[in-house]
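*Asks:* Mind having a look at this structure? Questions to follow.
The values are calculated or read from the model by the stated rules, or taken from the named source; none is laboratory data. Owing to the predicted nature of the structure, the values given are computational and were not obtained by experimental measurement. Using ideal geometry, Cβ is built from the backbone for each residue, glycine included, and neighbour counts are taken over all protein chains shown.
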Amino acid sequence: MTSDEIIVALDIGTSKICAFIAEFDEEGDLTVAGVGMAASKGLRRGVVVNIEAAMKAVEEAIDMAEQQAGRTVESVLAGIAGGNIEGINSRGVVAVTGKGREINRVDVERVIDAAKAIVMPMDREVLHVIPQEYIVDDQAGIKNPVDMIGVRLESEVHIITSTISASKNIIKCINRSGYKVDEIVLESIGASYSVLSRDEKELGVLFLDIGNGTTDLLVHFGGAPYYTSVLPVGAQEVTNDLSIMLNIPFDEAERIKLQSGCCWEPLIDRNESVIIPGIGGRPPVSVPEMRICRILQPRMAELFLLVKKQLGEKGYLSRLGGGLVITGGGALLPGVAELAQEIFKMPARIGYPKNIKGLEERYRSPEYSTVTGLLQYKAQQIEEEGPVVDIISSGVIVDFFRRIGTWFKEFI
Ligand SMILES: Nc1ncnc2c1ncn2[C@@H]1O[C@H](COP(=O)(O)OP(=O)(O)OP(=O)(O)O)[C@@H](O)[C@H]1O
Ligand SMILES: [Mg+2]
């Protein structure tokens, strides 16, 4: 197998940088062949702020994955997040001019282009243009208009943009490590491929990726994204609070959070305590788990209330028949689903990576939803390979028709 028959995904997170290499097995199923990890360096709130440091960690992660897979990596699919991400909905209209007024793929391309023609500040670029639905004459809710007859074709799309500097810094850091970048993909879009079911996306779902330094929001309904945003707050806020309130170093607070943290009081055993080693010659102290919970719970509640406020303002909360799905390392804090359920008044579940072979048990965790989802995103593009017309988007060549095929598959 040659290096261009592998898929390499890179998640440059605020707490860890991971590279996964996958290939298709004899049955044609996507299978993880190598995993590489490095502690995150040079990142702040999901954004590269020190290229040299991040570059070394990227190199380390890809090297390790290459060794495990016994493959040589040339190019990678990289995730992007950070407070600079914005999602907007837009609409395009074109007249159908072809023979017999039959809509063809070029009409679809034109109507997507029309929807893409938005006024954008000079410092931003488009990452994704994802069709939500098409309208042919007065008939709405069409997922694939090709071959339909009509005079007027409209498209509704979700456009995701980032600042040029944020994506350029990711590209620069990967290029300097010696690899090319296939495509930059919004992390929550990637993660949604490994975690969300088709039914959830159809019924309406709020997808939250609580990472270390960022929380990614994605709202799907009718099978397509309608709202995306990245909040510059994550699970590290919880550790910070614990460190301040218990007057202990950050690393010690992180250890306690991982070992005994919980953010839902009803789950706490009132008799349990945690021993905190004394700092600076002071004796160890015993802290009731309830006290720890009373530090963690309000901070997580604050995060959920922030999300709820953002979505409430947009009117999306009443359209989420599929409930709430939480992933990312922050989802591992016991009580997260219970607390979210109480705040959002809707069912909540923790999202684990699924439908991928060859993944060791320890990587079947919400922390790896993004990297596995990026693999699945790319695999779906490959599976849907159609006639190729290259267009330039955000400095990266993308295969437009292949993508259209992918979007259609999502809708059917
Ligand atoms: N078992 C656990 N219990 C509680 N919290 C956990 C657990 N495991 C991981 N976390 C927390 O999850 C966070 C890391 O999550 P994740 O790996 O998704 O972040 P990241 O992808 O590196 O960051 P970001 O997406 O924000 O850039 C850390 O704050 C860590 O404390
Ligand atoms: Mg992450």
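*Asks:* Somewhere in the stretch 316-325, is a residue at pLDDT 95 or above, of a type outside the set (D, E, K, R) and within 16 Å of ligand 2 (Cβ to nearest atom)?
*Replies:* Yes, there is a match, as at least one residue in the stretch 316-325 is at pLDDT 95 or above, of a type outside the set (D, E, K, R) and within 16 Å of ligand 2 (Cβ to nearest atom).
*Asks:* For residue 352, state whether it is within 16 Å of ligand 1 (Cβ to nearest atom), of a type in the set (Phe, Trp, Tyr), out of contact with any Leu (no Cβ under 7 Å at 6 or more places or on another chain) and part of a helix (DSSP H, G or I).
*Replies:* In short, no.
*Asks:* Something else now. Considering every residue within the stretch 70-87, establish whether at least one is at negative phi, small (Gly, Ala, Ser), within 16 Å of ligand 2 (Cβ to nearest atom) and in contact with a Pro (Cβ under 8 Å, 6 or more places away or on another chain).
*Replies:* So far as the stretch 70-87 goes, yes, one or more of its residues are at negative phi, small (Gly, Ala, Ser), within 16 Å of ligand 2 (Cβ to nearest atom) and in contact with a Pro (Cβ under 8 Å, 6 or more places away or on another chain).
*Asks:* Within the stretch 326-339, count every residue that is without any contact (Cβ under 8 Å) to a residue 60 or more places away in the chain and more than 16 Å from ligand 2 (Cβ to nearest atom).
*Replies:* Here is the first cut: in the stretch 326-339, the residues without any contact (Cβ under 8 Å) to a residue 60 or more places away in the chain are 332, 337.
Keeping just the survivors that are more than 16 Å from ligand 2 (Cβ to nearest atom) gives 337.
Number satisfying all stated conditions: 1.
*Asks:* Please go through the stretch 50-69 and pick out each residue that is polar (S, T, N, Q) and either in contact with a Leu (Cβ under 8 Å, 6 or more places away or on another chain) or not in a helix (DSSP H, G or I) (or both).
*Replies:* 50
*Asks:* To continue, here is another question. What are the pairs with Cβ atoms under 7 angstrom where one residue, in the stretch 232-247, is on the phi < 0 side of the Ramachandran plot and the other, located anywhere, is away from ligand 2 (no atom under 16 Å from the Cβ) and outside any helix (DSSP H, G or I)? Sequence gap at least six, or different chains.
*Replies:* Hits for this filter: 243/249; 246/276; 246/287.
*Asks:* Could I ask something else about it? Within the stretch 137-145, is even one residue touching a helix residue (DSSP H, G or I) at 6+ places or on another chain (Cβ under 7 Å), closer than 30 Å to residue 46 by Cα and touching a residue at least 12 places away in the same chain (Cβ under 8 Å)?
*Replies:* No, every residue in the stretch 137-145 fails to be touching a helix residue (DSSP H, G or I) at 6+ places or on another chain (Cβ under 7 Å), closer than 30 Å to residue 46 by Cα and touching a residue at least 12 places away in the same chain (Cβ under 8 Å).
*Asks:* Next up: Cβ-Cβ under 8 Å, sequence separation 6+ or interchain: first residue in the stretch 104-115 and within 7 Å of residue 92 (Cα to Cα), partner assigned to a helix (DSSP H, G or I). Which pairs?
*Replies:* If the second residue must be assigned to a helix (DSSP H, G or I), the pairs left are 112/404.
*Asks:* So, in the stretch 172-182, exactly how many residues are under 21 Å from residue 45 (Cα atoms) and surrounded by fewer than 22 Cβ atoms within 10 Å (Cβ to Cβ)?
*Replies:* Total meeting the criteria: 1.
*Asks:* Looking at 115, 78, which one is away from ligand 1 (no atom under 13 Å from the Cβ), within 24 Å of residue 158 (Cβ to Cβ), buried (at least 21 other Cβ atoms within 10 Å of the Cβ) and under 25 Å from the mean Cα position of the chain (by Cα)?
*Replies:* Unique residue meeting the criteria: 115.
*Asks:* Now for a different question. With among the acidic types (Asp, Glu), touching a Ser or Thr at 6+ places or on another chain (Cβ under 9 Å) and under 22 Å from residue 192 (Cβ atoms) as the only criterion, which of 25, 29, 11 stands out?
*Replies:* When all the criteria are applied, what remains is 11.
*Asks:* Exactly one of these conditions fails for residue 37: (1) part of a strand (DSSP E or B); (2) away from ligand 2 (no atom under 14 Å from the Cβ). Give me its number.
*Replies:* (2)
*Asks:* Restricting to the stretch 131-162, and then to whatever is buried (at least 22 other Cβ atoms within 10 Å of the Cβ) and more than 11 Å from residue 107 (Cα to Cα), can you tell me which residue is nearest to the chain's Cα centre (by Cα)?
*Replies:* 160
*Asks:* Within the stretch 1-44, work out how many residues are away from ligand 1 (no atom under 16 Å from the Cβ), at negative phi, among the small types (Gly, Ala, Ser) and free of Cβ contacts under 8 Å to residues at least 60 places away in the same chain.
*Replies:* The number of residues fulfilling the criteria is 1.
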